[in-house]
Structure formats: structure tokens, C-alpha cells
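In what follows, a structure is listed as C-alpha cells, so that the remarks can point back to it.
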Amino acid sequence: MNRDTLLLLVLQRMRFLKTSEKLKVLENCCSAESLPEKKDLVEIIGRSFNASYTRDQLLKKAEDDMSVMLKTGINILFIEDNNYPSQLKEIYNPPFLMYYRGICPDSEALNISVVGTRKATGRAIKEAYALSFDLARSGVSIISGLAAGIDSSAHRGAIAGQSYTAAVFGCGVDRIYPTENKMLASDILDNGGALMSEYPPGTIPSRYNFPERNRIVSALSEATVVVESPLNSGSLITADFALEQGREVFVLHIPSETAAGAGTMNLVKDGASSVSSAMEVLNTLSYRTTDLKRRINIENDFDSLETGRFLAARFLAELRGIEICKEGTYYSL
């Protein structure tokens, strides 16, 4: 069934609606221009709301989103699309839309998230890299959040291990945060991975967005490994989401008497499995590494790695201000 892309973008801008409510609105609208008045919207979703609802403003924002997407090569995944990650559909209030660049995670692959503190110790950085590298060499796909510290190390380990990795943003995918990870973001695309977010283009990083982002990181993964986390760390939120979603939670064993590892020590006390290697993770999940295969589904004739390299080169050109993308075609400036 053909969908009005502009209508999908408008509905994603209506953050005061749950995904189930957006789908109800979609059933009653055939285009963005046919959005209901507020009183009719209340009747459709079955509840009142206090949020500002101005159709013309929403339509203008959606049109701006579409313009940015065409210029920068951002695609969308709608929750009813066949290639929408099946794991995401299982959670409470899954994203109505996901914006992405690159190649989306394969739902049939073994995806494991590796997360931890931004202010990691040197040893934790090395251990996160080594764990992700070993998992990658076994065919595992690594999911993380591109944050400084453990997340960045996890992505780099996956790339070095020549496996797939995806970064989920707490902002629009047209914004690289932190900015010092622009080259890492390009490397992820170069490796055939993905940059993903449920937030429209232009959305700035916000402390309120990252907990929401973390539920996606855990949902895309069969298991979450926490590598060094202080108390009240965002990675502990990811672990909580993973448990709620019925995923396995592991803690990478790093002896520490400092506050940097206080959160992970509490996770172990609460029953999380402590592991020392990738093999322990895989054995617990009852996978034989020889049976793991990396399966990337793409809708063209290019090899996924070559496609990733092409997208990464275009992305770097955009960052340098020498190219733009419009409707899938790249133009030199």
C-alpha cells in the first residue's frame, strides 16, 4: 500500500501521540493536507490532549524534513514496512518512524548491544574494544549509541572485526553527536552499517532524548553487555529496558574499586551475568560461533560493503561541504 511520505513525516512530528494513536490517525487520513481539526483528532484517538496542534506548522516542519532528507540521503522506515526491524515491533510504544542512513540492521542476525559510561577508564575502553572485536569476528552485529567512551570503542571494535555495527542517535541523523565522532560515523557507513534515530532531522541532542534512544538500542539487540558504568549512568537505563523487553543483560567483568564501576557492580548484585569474554556471552546465549552468519538485506545489486563505502565517501563529502544529495543523486558544489 502506498503511503503519503509527507503524512508520515507530519505524524512523526506529533510527539504527543503514541505510535498506536498515529496509526489510528493514518487510517483516517489519505494525505498530509487531510489532517483532521483538533476536535476530530481527539475523537479519532479517543482522548484529549493539551499539546499545541497547528496543522500548518506541522506541515511546514514536515516539508522542511523532506527537503533535508533529500539533500542528505536520509531514508525512513515506517513501522508497517516489511524491513522494519521485527525486534522493535515487540516493545511498548515502538517508533512510528525510524530515520536512517546506510543499511539497517538485519533482524535475522545476532545483534548484541555494547554500552557503558562516556567517562570510561583506559582499561574499560580497551576491554570494550576487545569484546566487540571478538564478537564481531564471530559474526555478531554490534549496536550502540556513538557516545564518547564505551559506545565509541564498541563501534570501533566491530569495524576492526569486520562485522556490522549500527549507531542509534539521541538527535537527528543529520547531526553527529559528539562532533568529534564524525569520522567514526563515516567509518560505520563505510563498513556497511547504519546511523539511526527516531528523531526528525535537525533535532538537537537533549538529555530527555537519550533515555528514549536507549530503549531502541536494547530492543534491536538480543542481549546487552554493560561495560563499566557509574551509578545513575544512561547505560543502566539501557540495561533496565533490556530486562523489561525480555533480553539478556551481561556485565563485562573489570575489577574496579572506583566509582566508575559502581553501577555495573550493582547490576551483578541484582542478578546480571558477569562475563569475561565474548565466548561466555555466546555460550550463555546458546550460539555456536561457527553457525553465525552475517546476513545484510539490501534492495540493490551492490555488495553491502561496497555500498557502505560509497555512502561513507558521499557523507564525508557532505561534511566537507563539497557535495549534496537530492532524490538519491549526488551533486558537487
Checklist entry - Among the residues of segment 12-50, which ones are surrounded by 14 or more Cβ atoms within 10 Å (Cβ to Cβ) and of a type in the set (Phe, Trp, Tyr)? => result Phe49
Checklist entry - Any idea which of (1) buried (at least 24 other Cβ atoms within 10 Å of the Cβ); (2) at pLDDT 95 or above; (3) over 19 Å from Arg247 (Cβ atoms); (4) not small (Gly, Ala, Ser) is the one Thr117 doesn't satisfy? => result (2)
Checklist entry - Taking into account only those residues within segment 84-99 that are surrounded by fewer than 21 Cβ atoms within 10 Å (Cβ to Cβ) and not polar (S, T, N, Q), which is farthest from Tyr199 (Cα to Cα)? => result Glu90
Checklist entry - Quick check: is even one residue across segment 164-184 of a type outside the set (Val, Ile, Thr), more than 27 Å from Met14 (Cβ to Cβ), in contact (Cβ under 8 Å) with a residue 12 or more places away in the chain and in contact with a strand residue (DSSP E or B) (Cβ under 7 Å, 6 or more places away or on another chain)? => result yes
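Going by what's in this entry, would Asp56 be described as modelled with pLDDT of 95 or more and either out of contact with any Cys (no Cβ under 9 Å at 6 or more places or on another chain) or part of a strand (DSSP E or B) (or both)? Spell out how you get there, then give the answer.
Values: modelled with pLDDT of 95 or more: no; either out of contact with any Cys (no Cβ under 9 Å at 6 or more places or on another chain) or part of a strand (DSSP E or B) (or both): yes.
Taking the combined requirement at face value, the residue does not satisfy it.
Does Glu43 satisfy the condition of being in contact (Cβ under 8 Å) with a residue 40 or more places away in the chain and at negative phi? Outline the logic, then answer.
Details: in contact (Cβ under 8 Å) with a residue 40 or more places away in the chain: no; at negative phi: yes.
Against the criterion (in contact (Cβ under 8 Å) with a residue 40 or more places away in the chain and at negative phi), Glu43 does not qualify.
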Item to check | One residue from Ser144, Ser132, Ser197, Ser206 being hydroxyl-bearing (Ser, Thr, Tyr) and either touching a Pro at 6+ places or on another chain (Cβ under 6 Å) or surrounded by fewer than 20 Cβ atoms within 10 Å (Cβ to Cβ) (or both) | outcome: Ser206
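The values are calculated or read from the model by the stated rules, or taken from the named source; none is laboratory data. As the structure is a computational prediction, the values presented were derived from the model and not from experiment. All Cβ positions, glycine included, derive from the backbone under ideal geometry; neighbour counts span all protein chains shown.
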